[in-house]
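The values are calculated or read from the model by the stated rules, or taken from the named source; none is laboratory data. All values derive from a computational prediction rather than experimental measurement. Reconstructed Cβ throughout: ideal geometry from the backbone, glycine too, with neighbour counts over all protein chains shown. Side chains are part of the model used for accessible areas, which takes the heavy atoms of the whole protein and leaves out ligands, DNA and RNA. Shrake-Rupley method; radii C 1.70, N 1.55, O 1.52, S 1.80 Å.
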Amino acid sequence: MQITGEMLIGASAVRGTKGTLRAFDPARNAEIEPTFGAGSVTEVERACELAAQAFDAYRSAPLETRARFLEAIAENILALGDTLIERAQAESALPRARLEGERGRTVGQLKLFASLVREGRWLTATLDSAMPDRKPLPRSDLRMQKIPVGPVAVFGASNFPLAFSVAGGDTASAFAAGCPVVVKAHPAHLGTSELVGRAIQKAVADCGLHEGTFSLVIGAGNEIGEALVAHPAIKSVGFTGSRRGGLALADIASKRREPIPVFAEMSSINPVFVMPGALAARADSIANGFVESVTLGVGQFCTNPGLVIVLNGPHTQGFIDAAAQALAKKGAQTMLTAGIAAAYREGVAQRAETSGVKSVAQGTPSDASCSALPALFTTTAAQFLATHALEDEIFGPTSLIVTCADVGEMMKVAEQIEGQLTATLQIEPDDYELVRGLLPTLERKVGRILANGYPTGVEVCYAMVHGGPFPATSDPRATSVGATAIDRFLRPVCYQDLPAELLPEAVQDGNPLKLWRLRDGQLGRD
Ligand code: NAP
């Protein structure tokens, strides 16, 4: 499939006329063909109007059609073959194996949501029978189901050109909920976005859906994204990126005539608590595993472990030395964009100059362009508690080890840290009592607590939570990965005393969709 540099507005391919954009190969330090026409507010408006027109048709299509649509997108992405992988590699400098894995995850997510759509529990069909003889007042017949909120704006993430971009988790969950989607392509992977966008556009046509079910817009600067979030047809937003970007979009959304939710996944430093028993049992292996996790994918994961908390003790220095040695062997590698690489270098330089922070290791320099040199720092808990800037995410292969004089200091550090996607516990049975004291704090702070592993690597399944209190996300009640991501784009509607002929299928007598439903407080399929 040819990349043309056009936007996809409904069924049309439209060349933007507001200047030009070029994709960039950070590994070769060179622009990539072709030239893209940058879109304007006009195309955003057209895409949003089409999405509004498509909404009722799309949401009322049979669930089987919606599931087939998700599967058709997956099939069309696979049919792009090497063209997609090679383009994504050129635009991101991510290795082929990683991108092939990411494509597998993208396809897997779409299929997971297809099976979820068919199963239908997310409709939360609930029936409360009328009680005409109830005294002193009769009760009406009440039935509830969840419906989609309306068209959703999705911002593709720079660090997942496939799994969190045009057909990524936000898009898949919004489509599954019954929402048309308008995607704002990330400027770092314009060609990848167009290829995947065309795969979705084809699936829309093949499944006989309204053309406005999907559009893809591109543009230079913030104007396009701002216009998208401000458009009255858009009813919710999915975003992964910087704290500044997420907050700017949330601000626009909250100031609209009709404010709308923004599900922004922004910044997280994913603390790892290494407990004394674990340190005594396996300091070297924890140090090595931690360094692998910090440097994986050039540290460009939202779950990168940017903070390690240890108690001072006989094995602490050995742990720091082992981590420093392992990190020193890691080479500098190309980051996703020149801007991300520059932000990383600036963040690391600032950290190195922060009072009370010691630089204990640097990776091996290389002459790779747009590269990041891994860096490891240590500080004391007292310094950490006094310096809020040490909690800032530095997106890339770096981490800070915080040494605590005693358990009280460790608890204070846990209490101070901002909201996080994850917290990791390295523990042995003799640490359990200490951990019991820590867990209530961690539950308040994070979306996922894991033991004896590393936070990078997020399973896409039913129980996954990829969310957490601010600034990890803008709404801690939701996850952006896993089956329950669909809940972000649904809202409940109750039908009181509606004639049987007018009730939606999900709550009709006889249960024509064969759903699991709550009827008078009892779960069943009757
Ligand atoms: P970003 O700058 O927040 O951009 C993400 C998307 O949002 C882009 O499409 C961008 O498009 C748009 N955008 C940003 N600010 C906007 C605004 N004020 N108004 C309208 N649209 C806006 O994120 P990024 O480019 O992916 O990376 C920059 C930094 O974000 C990284 O260095 C890292 O610190 C952080 N980041 C964090 C994570 C994480 O998961 N924690 C992931 C990725 C990045 P335009 O620029 O075209 O407007």
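Using θ = phi - 60° and the Karplus form 6.51 cos²θ - 1.76 cosθ + 1.60, what ³J(HN,Hα) does each residue of the range 510-515 get, whole Hz, x for Gly and Pro?
x, 6, x, 8, 6, 8
Report for the range 271-451 the percent antiparallel among DSSP-assigned beta bridges with both residues inside it, nearest 5.
Approximately 20 percent, going by the DSSP bridge assignments.
Decide, for the range 87-155, between rounded, prolate and oblate: order the square roots of the alpha carbon gyration tensor eigenvalues as a ≥ b ≥ c, take rounded if a/c falls under 1.5, and otherwise choose prolate if a/b is larger than b/c, else oblate.
It is prolate, given that a/c is not under 1.5 and a/b is the larger ratio.
Considering the convex hull of the alpha carbon atoms of the chain, report its projected area averaged over all viewing directions, in nm², one decimal.
Numbers: hull surface 107.1 nm².
So the Cα hull casts an average projection of 26.8 nm².
Could you pull out every residue, at least 5 positions away or on a different chain, whose amide H is within less than 5 Å of the one on I9? Hs are placed 1.01 Å off N in the peptide plane, and Pro or chain starts have none.
V14, L216
Please go through the range 202-277 and write out the trypsin sites (Lys or Arg not before Pro) that DSSP classes as loop and that have at most 16 other C-beta atoms within 10 Å.
Those satisfying the criteria are R256, R257.
Just flag the chymotrypsin sites (Phe, Trp or Tyr not before Pro) in the range 8-71 sitting in loop per DSSP whose Cβ has no more than 11 other Cβ atoms within 10 Å.
none
On full extension of the chain, what length is gained from D82 through R118, given 0.36 nm per residue of separation minus the C-alpha to C-alpha distance?
Residue separation times 0.36 nm, minus the Cα-Cα distance, leaves 9.9 nm.
Considering only C-alpha atoms, what is the centroid distance from the range 361-407 to the range 29-79, in Å?
40
So which of K184/K255; K184/K235; K235/K255; K146/K202; K358/K445; K146/K514 end up more than 18 Å apart, counting from Cα to Cα? Could the numbers behind the result be given before it?
Details: K184/K255 20 Å; K184/K235 15 Å; K235/K255 13 Å; K146/K202 28 Å; K358/K445 27 Å; K146/K514 16 Å.
Checking Cα-Cα distances, K184/K255; K146/K202; K358/K445 exceed 18 Å.
Quote the charge dipole size of the range 271-451 about the Cα centre in Debye, to the nearest 20; the model charges only the Cβ of Lys and Arg (+1) and of Asp and Glu (-1).
So the dipole magnitude of the range 271-451 works out to roughly 260 debye.
Could you pull out every residue, at least 5 positions away or on a different chain, whose amide H is within less than 5 Å of the one on V272? Hs are placed 1.01 Å off N in the peptide plane, and Pro or chain starts have none.
L307, V308, I309, T424
What trypsin sites (Lys or Arg not before Pro) in the range 427-486 are in a loop by DSSP, with at most 16 other Cβ atoms within 10 Å of the Cβ?
On the way: sites: R436, R444, K445, R448, R477; in loops: R477.
Qualifying residues, ordered by number: R477.
Going by the alpha-carbon gyration tensor, a ≥ b ≥ c the square roots of its eigenvalues, is the range 433-488 rounded (a/c under 1.5) or, if a/c is not under 1.5, prolate (a/b greater than b/c) versus oblate?
Oblate is the answer for the range 433-488, as a/c is 1.5 or above yet b/c matches or exceeds a/b.
Can you list the aspartates and glutamates whose alpha carbon is less than 16 Å from that of K18, not counting same-chain residues fewer than 8 positions off?
E6, E43, E45, E223, E226
Please list the non-local residues whose amide H lies under 5 Å from the amide H of M335, H modeled 1.01 Å from N, same-chain partners needing a gap of 5 or more.
The answer is S371, A372.
Report for the chain the percent antiparallel among DSSP-assigned beta bridges with both residues inside it, nearest 5. Don't skip to the end; give the middle numbers.
Details: 31 of 73 bridges.
Counting DSSP beta bridges with both partners in the chain, the antiparallel share is about 40 percent.
With every protein chain present, what is the per residue accessible area of the chain (1.4 Å probe, Å²)?
In whole numbers, the chain has 39 Å² accessible per residue.
I need the shape label for the range 271-451. Rule: rounded when a/c is under 1.5, else prolate if a/b > b/c, else oblate, with a, b, c from the alpha carbon gyration tensor. List each step's numbers first, then the result.
Details: a/c = 1.74, a/b = 1.54, b/c = 1.13.
Prolate.
Count the net charge of all other residues whose Cβ sits under 12 Å from the Cβ of V262, scoring Lys and Arg as +1 and Asp and Glu as -1.
Residues near V262 contribute 0 overall.
What share of Cα pairs, in percent, lie more than 22 angstrom apart in the range 1-81?
48
Looking only at the range 397-429, which residues have a backbone nitrogen under 18 Å from a spot 7 Å from the Cα of S285 in the C-beta direction?
425-429
Calculate one ³J(HN,Hα) per residue across the range 429-443 by plugging θ = phi - 60° into the Karplus curve 6.51 cos²θ - 1.76 cosθ + 1.60, and present them in order as whole Hz with x for glycine and proline.
In residue order, the calculated couplings are x, 6, 8, 4, 5, 4, 5, 4, x, 8, 4, x, 5, 4, 4 Hz.
So what's the projected area for the range 57-182, the Cα convex hull averaged over all directions, in nm²?
9.8
With the full set of protein chains in place, find how many percent of the accessible area of the chain is carbon and sulfur; take the probe as 1.4 Å.
Its accessible area is 54 percent carbon and sulfur atoms.
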